[in-house]
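Shown next, in structure tokens, is the structure this report addresses.
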Amino acid sequence: MTITRAWMMLLVLSTASTALAASGMHGAPFVVAVLALAGAKAHIILARYLGLAAAPSILAGFDLSLAVVLILFMGLALAA
Amino acid sequence: MKYQSQKIALAYFLVAMVLFAVQVSLGLVLGWIYVDGTFLSEILPFNVGRMLHTNSLIVWLLLGFFGAAYYLIPEESEREIHSPKLAYLQLAIFVLGTAGVVVTYFFNLFEGNFLLGREGREFLEQPRWVKAGIVVAALIFLYNVSMTVLSGKKTAITNILLLGLWGLALLFLFAFVNPANLALDKMYWWYVVHLWVEGTWELVMASILAFLMLKLTGVDREVVEKWLYVIAALALFSGILGTGHHYYWIGTPGYWQWIGSIFSSLEVVPFFAMMAFAFVMVWKGRRDHPNKAALLWSLGCATLAFFGAGVWGFLHTLHGVNFYTHGTQITAAHGHLAFYGAYVCLNLAIISYAMPHLKGRDPYNQVLNMAAFWLMSGGVVFMTFTLTFAGTVQTHLQRVLGMSYMEVQDQLWVFYAMRFGSGVAVVLGAVLFIYAILVPRREVVTPGPLERDRLAHDADHVAAE
Amino acid sequence: MTEQAGERPSVLDQLPGELMMWVLIVSELLVFGAGLAAFLAVRITDPAGFSEAQSHLHRAGAGVNTIVLVTSGWLAAHAVCAAEAGRARRLRGLIAGAIALGAVFLVLKGMEYADLAAAGISFETHAFFTFSYLLTGFHAAHVVAGMVLLAVVAVPASPRAVETGAAFWHMVDLVWVLLFPVIYLL
């Protein structure tokens with residue numbers, strides 16, 4: 001994936017988050033979808049913008065931490 | 001000793017050890033006052049004893065840092081110290097100031113006097129003339145070491161050491177800022193107190209530890225420097241805004257509770273990094289340095305600093321917890337182990353390392369010194385546990401159940417009695433340390449079978465003589 | 001002194017760019033992660049109040065700001081390629097574009113702050129605003145710092161400097177894509 005493809009993916013994912021919010025969707029599906037989109041965006045920034053694609057084991061470490069944090073966020077958001 | 005001017009360190013270390021003895025002895029007296037509240041109440045009121053205990057601690061640690069700087073900067077910069085005369089003048093100013101402080105605290109002759117009277121701010125009680133003297137001495141010091149480094153080699157160790165020492169001196173200027181508003185007073189007060197021990201002093205600690213690791217383990221300078229920069233960055237990142245953990249209840253806005261909680265939680269990271277650094281260096285290093293005592297103090301420093309400053313600090317740093325534990329014996333537990341681990345052990349490590357060189361002895365095996373380490377460290381660790389238990393009980397009785405302060409103090413007597421016992425061990429350890437550093441000219445222990453075998457078969461193994 | 005022969009290459013050596021910048025990036029992620037987790041934890045105590053408070057924010061403006069920042073990051077990433085190719089003019093143009101978009105972000109953010117201030121909303125109004133001001137304010141401060149840093153690295157224009165500056169800028173992006181959904185959308 002080139003930098004430009006990464007950027008276009010980010011635009012698509014960002015638009016998707018805003019569209020989801022605008023659609024009035026809420027509750028658990030919304031929380032999970034929005035945070036999953038955020039995780040996908042973060043992954044792309046780490047891999048392509050910050051160049052971690054060249055260091056797969058480090059990228060995997062970041063992805064794992066990111067997943068743990070986002071699951072924590074989901075849990076906290078759903079508890080409210 | 002490669003450079004003549006390293007000898008300056010000897011004078012600094014000697015004065016530091018005298019004050020160390022004073023500090024722990026006063027600690028013992030204070031420990032007994034906790035057991036028997038009327039002890040010496042006429043001659044040495046608790047508040048005066050406490051001022052002397054804390055002030056002498058700070059001064060001897062600073063003198064130790066200065067001594068360490070005078071010892072290691074010539075070796076790092078490959079230059080003699082710019083002016084040994086100025087270095088001794090600086091020490092003389094410190095000694096004079098210390099004597100002035102003791103007289104002022106003891107006899108309180110000039111109460112309320114702008115220049116001569118004690119100032120009454122915890123830890124910064126020194127009269128203004130002494131504070132001015134400290135600034136003058138600090139300027140002399142900074143001029144002296146900066147000139148040396150500027151004319152010589154600049155290494156990561158000298159860079160971080162100078163950064164820490166300059167920061168330390170500049171932040172002390174906030175000791176002169178004393179607004180009438182108590183909240184503002186405290187706000188500036190922490191610029192000195194917190195940003196010293198959880199900011200600039202950490203840089204000094206990391207650089208001295210790096211120097212020791214370089215010498216004791218023989219790991220490549222490049223590796224040591226990388227660690228040092230990372231540790232320094234982590235310390236500043238977490239420590240500066242970590243000041244917020246002192247702004248919970250002094251009248252500053254509520255958002256400090258979150259800034260303080262989050263950043264100060266991260267303060268454990270640089271201490272963990274220092275511990276990892278020390279152990280990784282020893283593990284990677286192949287040099288079998290004969291000065292086992294210096295290595296023991298270095299590793300003890302990194303480990304106990306991690307527990308005392310890192311873990312025991314984190315224990316009560318979140319504002320939800322601190323709301324209950326604030327100002328209880330939990331704080332005292334943290335304060336004792338953190339200062340001991342981070343800064344006392346560090347100074348004793350560099351003293352243990354430098355003294356054989358300064359006194360022109362071969363590195364010897366320093367069995368007594370190592371015994372002092374275990375005695376003192378055991379004492380402080382036990383003290384930390386007793387105070388932690390005392391603080392837990394105190395928090396529950398006083399802050400949760402709402403019992404009155406003095407009523408709770410009665411309940412804590414048994415912990416204070418045990419703490420006094422641990423204090424005895426610390427003082428004995430300190431005396432043993434000073435004796436071991438100054439007196440024995442030769443300390444020969446006949447090698448046992450294991451050691452004999454290593455000496456015979458391991459080419460890297462150096463005999464401790 | 002003997003050194004270890006044939007030392008194992010460290011995983012850290014694979015890191016692209018400056019190690020110190022990665023230390024900073026991870027530290028910042030920890031801080032913002034902890035802040036957002038604390039925000040969500042406190043939200044449990046008053047979901048209705050939080051959702052009412054959230055309605056005062058500019059959700060659409062923040063959505064546009066996401067687009068602005070990732071586009072700015074895209075320019076910065078291209079600037080690194082230009083620096084590596086030795087094309088200084090192109091590199092400076094791209095950096096200027098990235099900085100300009102940073103300014104757009106700050107203008108949109110400033111409009112939101114102005115409206116909140118006009119409505120008499122401050123740090124102390126509600127726990128929601130304590131967090132939203134702290135987290136977005138802290139982030140905005142990083143945007144300012146990132147703009148300065150980008151301008152600074154564009155002067156020597158060495159690949160290493162530009163890569164380091166751009167890495168900081170991407171961290172600002174990264175924090176925003178995590179912060180935006182939690183504060184503005186949930």
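The values are calculated or read from the model by the stated rules, or taken from the named source; none is laboratory data. This one's a predicted model, so the numbers in the text were calculated from it and none came from an experiment. Every residue, glycine as well, gets a Cβ built from its backbone with ideal geometry; the counts of neighbours run over all protein chains shown.
What the table below lists for this structure:
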item: Residue in the stretch B:171-183 that is part of a helix (DSSP H, G or I), in contact with a Ser or Thr (Cβ under 6 Å, 6 or more places away or on another chain) and crowded, with 19+ Cβ neighbours inside 10 Å present; result: no
item: Some residue of the stretch C:55-74 being modelled with pLDDT of 95 or more and more than 11 Å from chain A (Cβ to nearest Cβ); result: no
item: First in the stretch B:284-300 and more than 15 Å from B:ALA349 (Cβ to Cβ) and at pLDDT 90 or above, second anywhere and in a loop (DSSP other than H, G, I, E, B) and of a type outside the set (Ser, Thr, Tyr), Cβ under 7 Å, 6 or more apart; result: B:LYS284/B:VAL219; B:LYS284/C:GLN4
item: Selected residue (only one of B:GLU198, B:GLU225 is within 14 Å of chain C (Cβ to nearest Cβ) and of a type outside the set (Val, Ile, Thr)); result: B:GLU225
item: Selection from the stretch C:25-53 of residues that are surrounded by fewer than 18 Cβ atoms within 10 Å (Cβ to Cβ) and either at pLDDT below 95 or more than 7 Å from every other protein chain (Cβ to nearest Cβ) (or both); result: C:VAL26, C:VAL42, C:THR45, C:ASP46, C:PRO47, C:ALA48, C:GLY49, C:SER51, C:GLU52
item: Scope the stretch B:281-318; condition more than 14 Å from chain C (Cβ to nearest Cβ), within 21 Å of B:PRO270 (Cβ to Cβ) and not aliphatic (A, V, I, L, M); matching residues; result: B:TRP297, B:SER298, B:GLY300, B:CYS301, B:THR303, B:PHE306, B:PHE307, B:GLY308, B:GLY310, B:TRP312, B:GLY313, B:HIS316
item: Scope the stretch C:133-186; condition more than 14 Å from chain A (Cβ to nearest Cβ) and within 16 Å of C:PHE32 (Cα to Cα); matching residues; result: C:TYR133, C:LEU134, C:THR136, C:GLY137, C:PHE138, C:HIS139, C:ALA140, C:ALA141, C:HIS142, C:VAL143
item: Residue match in the stretch B:108-124 (condition: surrounded by fewer than 22 Cβ atoms within 10 Å (Cβ to Cβ), part of a helix (DSSP H, G or I) and aromatic (Phe, Trp, Tyr)); result: no
item: Set A:LEU46, A:LEU35, A:LEU76, A:LEU72: member being touching a Lys or Arg at 6+ places or on another chain (Cβ under 8 Å), modelled with pLDDT of 95 or more and facing chain C (nearest Cβ under 8 Å); result: A:LEU76
item: Close pairs from the stretch B:386-403: first outside any helix (DSSP H, G or I), partner buried (at least 16 other Cβ atoms within 10 Å of the Cβ), Cβ under 8 Å, at least 6 apart; result: B:MET403/B:LEU397
item: Residue in the stretch A:19-31 that is at the interface with another protein chain (Cβ under 9 Å from one of its Cβ atoms), under 14 Å from the mean Cα position of the chain (by Cα), closer than 21 Å to C:MET171 by Cβ and of a type outside the set (S, T, N, Q) present; result: no
item: Any chance B:LEU375 is of a type outside the set (Ser, Thr, Tyr) and either in contact with a Cys (Cβ under 6 Å, 6 or more places away or on another chain) or under 17 Å from B:SER422 (Cα atoms) (or both); result: yes
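Listed here are the residues, each with its yes/no results for (1) within 19 Å of B:GLN6 (Cα to Cα); (2) outside any helix (DSSP H, G or I); (3) within 18 Å of the chain's Cα centre (by Cα); (4) modelled with pLDDT under 95.
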site: B:PHE141; (1), (2), (3), (4): yes, no, no, no
site: B:ASN159; (1), (2), (3), (4): yes, no, no, no
site: B:TRP166; (1), (2), (3), (4): no, no, yes, no
site: B:ALA206; (1), (2), (3), (4): no, no, yes, no
site: B:LEU209; (1), (2), (3), (4): yes, no, yes, no
